[in-house]
Amino acid sequence: MSSLPDLPTNDPALLAAIVETAGSVIVGLRPDHTVFLWNRAAELLYQTPRGEAMGSNYVLRFIAPEHQAFVAADIVEVLAGKRTLNFEDDSILPDGSRRTLVWNVTRVLGADGSAQGIVAIGQDITERKDADERFRLIFEHAQDGLLLSDQSGVIDCNPAALAMLGLTDKAQLIGHRPSEFSPPTQPDGVASDDKSRALGQQTLNEGALTFDWVHQKSDGTQVPVEVSVRHAALDGRRVSVVAWRDQSRRRELERERAAIQERLDLAQKMEAVGQLAGGVAHDFNNLLAAIRTAVELARDGLPADAPARADLDVALSTADRASRLTRQLLAFSR
């Protein structure tokens, strides 16, 4: 099988094909910002055919007004010999939409070595930047503490994580291990440093882990949190994605529930005692009524001067006092 002939890398047709089929936007500008190169990707992004774009002032036509001065200044520097990498600007498309591009820019030299213009290769990063902004919005405003850490310690954190530890600046936490902001021991009596290392090894083995932890502010205030950790890859290295959920309110609610339950239990006991007292008082009152009736009948059957009448009167008086006591018991039961 015969091999294909080698193509010269400086072949104009090959270079034109590469430019035309590239997925990146490739634009060539003269020193006066007019277009001399406009590939297919540029046509699609800027919604402008090559014939219409050629010769037009790219900066004035497509660059967002607030970025035009920066772009023009960068073009001057590139023409002077600087090579620009990762230059970011916003373009305004014919339909009014805005796209963010990041550019690598170099100059084009003529045969005499003088700068004839620039060539810029751009990538549309609008979606990526929007996603980054959404993530940053969530990260910065989440009520849970969010952290990224590696073997060196914390590499990023959000304001909620700082607030939980009573800190005000990321520099106070970055580079430190979270266990450094903990009491000497955890509630189970294990040293915080030892338990942190054990949990770190367990997370490494399992890939993700959720557990309870107690942090401590500089003023000694303890902050119970639920910690969720998951390993991930960032720029080719392993990092830990950590979320802290403050359990202080939950613990407070648990204490309140326990107090309410205790009062409820006491109320139920009092209710039972009241029901018992009411039942006893009701039965006792019935017995007293029978006793009183019998005593009255016995007294009324005696002569007025009978000595026993005085004893029966005492019995009736005692029955009246007992009746008042049963009424008090009935009132207590209610």
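The values are calculated or read from the model by the stated rules, or taken from the named source; none is laboratory data. Everything numeric in this text was worked out from a predicted model, so none of it was measured. So basically every Cβ, Gly included, is an ideal-geometry build from the backbone, and we count neighbours across all protein chains shown. What goes into the accessible areas is simple: the full protein's heavy atoms, side chains included, and nothing from ligands, DNA or RNA. Shrake-Rupley method; radii C 1.70, N 1.55, O 1.52, S 1.80 Å.
Rounded, prolate or oblate, given the Cα gyration tensor of the range 76-162, with a/c below 1.5 counting as rounded?
Numbers: a/c = 4.88, a/b = 2.06, b/c = 2.37.
Oblate.
What do you reckon, how do Phe332, Phe181 stack up by accessible area (1.4 Å probe), largest on top? Please report the intermediate quantities before stating the final value.
Values: Phe332 110, Phe181 35 Å².
So, going from the largest accessible area down, we get Phe332, Phe181.
What does the accessible area per residue of the chain come to in Å², with a 1.4 Å probe and no ligands, DNA or RNA counted?
On the way: 20600 Å² over 334 residues.
Normalised by residue count, the accessible surface of the chain is 62 Å².
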Chain lengthening between Leu199 and Gln143 when straightened (0.36 nm per residue, less Cα-Cα): 17.8 nm
Amide H partners (placed H, <5 Å) of Gln216, local residues excluded: Ser182, Val223
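Multiply the residue gap between Gln151 and Leu93 by 0.36 nm, knock off their C-alpha separation, and tell me the result in nm, one decimal place.
On the way: separation 58, 0.36 × 58 = 20.88 nm, distance 4.53 nm.
Result: 16.3 nm gained on full extension.
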Gained length - Val214 relative to Leu266, 0.36 nm times residue gap less alpha-carbon distance: 15.4 nm
Nearest-10 value in Å² for the accessible area of Thr318, using the 1.4 Å probe: 60 Å²
Average Cα contact separation per residue, the range 182-308, under 8 Å, 6 or more apart, as relative contact order %: 13 percent
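Can you give the calculated 222 nm mean residue ellipticity of the chain, where each DSSP H run of n ≥ 4 adds -39,500 (n - 2.57) and the sum is split over every residue, rounded to the nearest 500 deg cm²/dmol? If you can, show how the numbers build up before the last one.
Details: 10 runs with 154 residues, N = 334.
So the helix-based figure for the chain works out to -15000 deg cm²/dmol.
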At R0 = 51 Å, FRET efficiency that the Cβ-Cβ distance of Val190 and Thr21 yields, to 0.05: 0.25
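For the chain, what's the relative contact order in percent, using C-alpha pairs closer than 8 Å and at least 6 residues apart? Let's see the in-between values first.
Working: 464 pairs, mean separation 29.4, N = 334.
Relative contact order comes out at 9 percent.
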Calculated mean projected area of the Cα convex hull in nm² (choose from (i) 17.9; (ii) 14.8; (iii) 40.0), label: (iii)
Ordering of 263-271, 33-41, 187-195 by packing [mean C-beta count within 10 Å, highest first]: 33-41, 187-195, 263-271
Pair Asp300, Glu180: separation of 7 Å Cα→Cβ label points (nm): 9.8 nm
Rounded FRET efficiency, nearest 0.05, which uses the C-beta distance separating Glu133 from Arg237 and R0 of 30 Å: 0.75
Accessible area of the range 173-271 belonging to carbon and sulfur atoms, whole % at 1.4 Å probe: 51 percent
Against the rule of thumb 2.2 N^0.38 Å, how large the Cα Rg of the range 20-63 comes out: 1.02
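Using the beta-carbon distance between Arg321 and Asp283 and R0 = 25 Å, what value does 1/(1 + (r/R0)^6) give for FRET efficiency, to the nearest 0.05? Each step should come with its number before you reach the end.
On the way: r = 18 Å, r/R0 = 0.71.
FRET efficiency, Arg321 to Asp283: 0.90.
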Spacing of the two label points (7 Å from each Cα toward its C-beta) at Arg309 and Thr168, in nm: 9.6 nm
Karplus-derived HN-Hα couplings along the range 292-300 (A = 6.51, B = -1.76, C = 1.60, θ = phi - 60°), whole Hz, x at Gly and Pro: 4, 4, 5, 5, 4, 5, 5, 5, 5
